[in-house]
Amino acid sequence: MAQGQKTVILRPEQAEAAMAQLESAKAQSLPPSLKGNLIIFVPDTDPIQFELMPGITTVGRGMENHLVLGDPYASRKHMVLTNNQGQYVFEDTGSDNGTTVNGGRCSSKNLEIGDVIEIGSVKMRFVMGDVLPQHFTRPTDGPPSKKGKVAKRKKKKKSGKTQLILLIFLVVATLAMVGVMVMLFLQRQT
């Protein structure tokens, strides 16, 4: 996360779409065991509990989302979580930087309790039913994403290019020094 940026989590109660969805949710009212939550982990802050909407919950950087993330790697509308009769489905909306679920890049998945969704530096643990103290334990870093591996490979290539340039410079400098020495030797001979 860029220095000075913070993740903002909002529930736009004033938005007409959100109000309509809340009214629809009251009519559907799920039993507590089928209600979904995200426990949100942002670097350098305490975990935050966010109750998912009974229908669709949108997540992204844009202020029109139900869950607004201030992470620079989040797209305006990054992902959608849909509740269909107690089964929650995650779907990436074609975001630029992608989303990982349980350490692997993923575009959609039927969520299971404990799944960890990651967008940039923000991690979110999916929980259904009762939220317990162990759900607030910060997830450990999983295996590196493909993005991390690509960055390491690029770094190695840049390092290889730098070494090649230094080697060429060293050869040219050596040849120049030999040339100067030959010229000095020839001048002494005359």
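One table, with the values for the structure above:
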| read-out | value |
| --- | --- |
| Failed item in (1) surrounded by 14 or more Cβ atoms within 10 Å (Cβ to Cβ); (2) among the polar types (S, T, N, Q); (3) modelled with pLDDT under 95; (4) over 19 Å from residue 54 (Cα atoms), with residue 83 passing the rest | (4) |
| Number of positions in region 62-95 that are charged (D, E, K, R) and closer than 14 Å to residue 118 by Cα | 3 |
| Close pairs from region 56-79: first free of Cβ contacts under 8 Å to residues at least 12 places away in the same chain, partner part of a loop (DSSP other than H, G, I, E, B) and open to solvent by 10 Å² or more (accessible area, probe 1.4 Å), Cβ under 6 Å, at least 6 apart | none |
| Strands (runs of 3 or more DSSP E) within region 70-141 that include 1 or more residues more than 14 Å from the chain's Cα centre (by Cα) and closer than 20 Å to residue 42 by Cα | 79-84, 87-92, 122-128 |
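Residue by residue, here is whether (1) open to solvent by 10 Å² or more (accessible area, probe 1.4 Å); (2) at pLDDT below 95 holds:
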{"position": "43", "(1), (2)": "yes, yes"}
{"position": "66", "(1), (2)": "yes, yes"}
{"position": "96", "(1), (2)": "yes, yes"}
{"position": "108", "(1), (2)": "yes, no"}
{"position": "126", "(1), (2)": "no, no"}
{"position": "132", "(1), (2)": "yes, yes"}
{"position": "141", "(1), (2)": "yes, yes"}
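The values are calculated or read from the model by the stated rules, or taken from the named source; none is laboratory data. Keep in mind it's a predicted model, so treat the numbers as computed, not measured. For neighbour counting, all protein chains shown are included, and Cβ atoms are generated from backbone atoms with ideal geometry for every residue, glycine included. We work out accessible area using only protein heavy atoms, side chains counted, and drop any ligands, DNA or RNA first. Shrake-Rupley method; radii C 1.70, N 1.55, O 1.52, S 1.80 Å.
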